[in-house]
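> Below are the structure tokens for one structure; questions will follow.
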Amino acid sequence: MFRILVADDHPVFRLGVCSLLGSREGWEVCGEAIDGRDAVEKCRLLKPDLVVLDICMPKLNGVDAAKQIMRDNPAQRILVLTDVQGEQVIQECLEAGVRGWVFKSDGANDLTTAVEELQRHKCIFSSRVSELIVEGYLQRRTAKASRLSPRECEIVQFLGGGKTTKEVAMILNLAPGTVETHRSNIMLKLNIHSIAELVLYAVKNGFVYFPTIVLPSSHRGNGQADAA
């Protein structure tokens, strides 16, 4: 029997989830929790196979509850079932060890499918989770890049591509000291402390591009042909 603990502070919604999951053959709702702290305690007491966990709950929110549950049992399977759509919250839950996420606005089939996948020790996330993570990444990238002036972006591009300060000064028709000042300001804005970090930032954020070098087919062997 696959034992499930349902944690949600809304009685009517919790009742519906328990009814849905408890009606499936081979599944048993072994307990209900009415807040985050109750979820942690019930999890310790009942040792369920899966915890279905809301995020917005009194006494202890779902994120902190998940962290405590995973500290007690790193192998515990947790499925978040919530209407919270925050990229930061999702990241924190992933870092805590949550391996499933379904929104309350998703269909009943999405919930049962998620439980089935976690029962098989697989990960499953609503497609909206991926969208939120990507959106958050793009927003952070845009915000960071937008702090640089057009001139600073040019300098990042050249320095990231391997140009020296003198070479950048010649290309942009600037004094080397001016380029040095721009470079210092760039590193301060981006909280970067070395040229190596600046190069890495430039590559990761699309300022420069290093193409992958593919060797000709004659060079892809194990060297035996050359030895012959």
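> Output ³J(HN,Hα) for segment 20-32: one whole-Hz value per residue in order, computed from phi by the Karplus curve 6.51 cos²θ - 1.76 cosθ + 1.60 with θ = phi - 60°, and x for Gly and Pro.
Taking θ as phi minus 60°, the curve returns 5, 6, x, 7, 7, 5, x, 10, 9, 7, 8, x, 10 Hz for segment 20-32.
> Between Leu148 and residues 5 or more places away or on another chain, which pairs have amide H atoms under 5 Å apart, with H built 1.01 Å from N, and which residues are they?
Long-range HN contacts for Leu148: none found.
> Right, another one. Roughly how many debye, to the nearest 20, is the charge dipole of segment 2-135 about its Cα centre, given +1 on each Lys and Arg Cβ, -1 on each Asp and Glu Cβ, and no other charges?
Charge dipole, segment 2-135, about its Cα centre: 460 debye, nearest 20.
> Order these by the 10 Å Cβ neighbour count, fewest first: Asp38, Asp72, Asp110.
Asp72, Asp110, Asp38
> Let me ask something else. Efficiency by 1/(1 + (r/R0)^6): what FRET value for Ser149 and Gln88, r their Cβ-Cβ distance, R0 = 35 Å, to the nearest 0.05?
Taking R0 as 35 Å, the efficiency between Ser149 and Gln88 is 0.80.
> Fewest first, what order do His121, His182, His10 take by the number of other Cβ atoms within 10 Å?
Lowest to highest Cβ neighbour count: His121, His10, His182.
> So, one more: From the C-alpha gyration tensor of segment 2-135, pull out the three semi-axes of the equivalent ellipsoid (sqrt of 5λ each), sorted largest to smallest, in whole Å.
Values for segment 2-135, descending: 19, 17, 14 Å.
> What translational diffusion coefficient, in µm²/s and rounded to a whole number, does the Stokes-Einstein relation yield for segment 67-135 at 37 °C and a viscosity of 0.692 mPa s, taking the hydrodynamic radius as the Kirkwood radius over Cα pairs?
The diffusion coefficient I find is 267 µm²/s.
> Another question about this same structure. Pull up all non-local amide H partners of Trp101: gap of 5 or more, or a different chain, and H-to-H distance under 5 Å with H placed in the peptide plane.
It is Val80, Ile124, Phe125, Ser126, by chain and number.
> For segment 11-71, which trypsin sites (Lys or Arg not before Pro) pass both filters: DSSP loop (anything but H, G, I, E, B) and at most 14 other C-beta atoms within 10 Å?
Qualifying residues, ordered by number: Arg24, Lys59.
No lab work stands behind these numbers, since they all come straight from the coordinates. All figures in this text were calculated on a predicted structure; none of them were measured in a lab. As a convention, Cβ positions derive from the backbone with ideal geometry for all residues, glycine included, and neighbour counts pool all protein chains shown.
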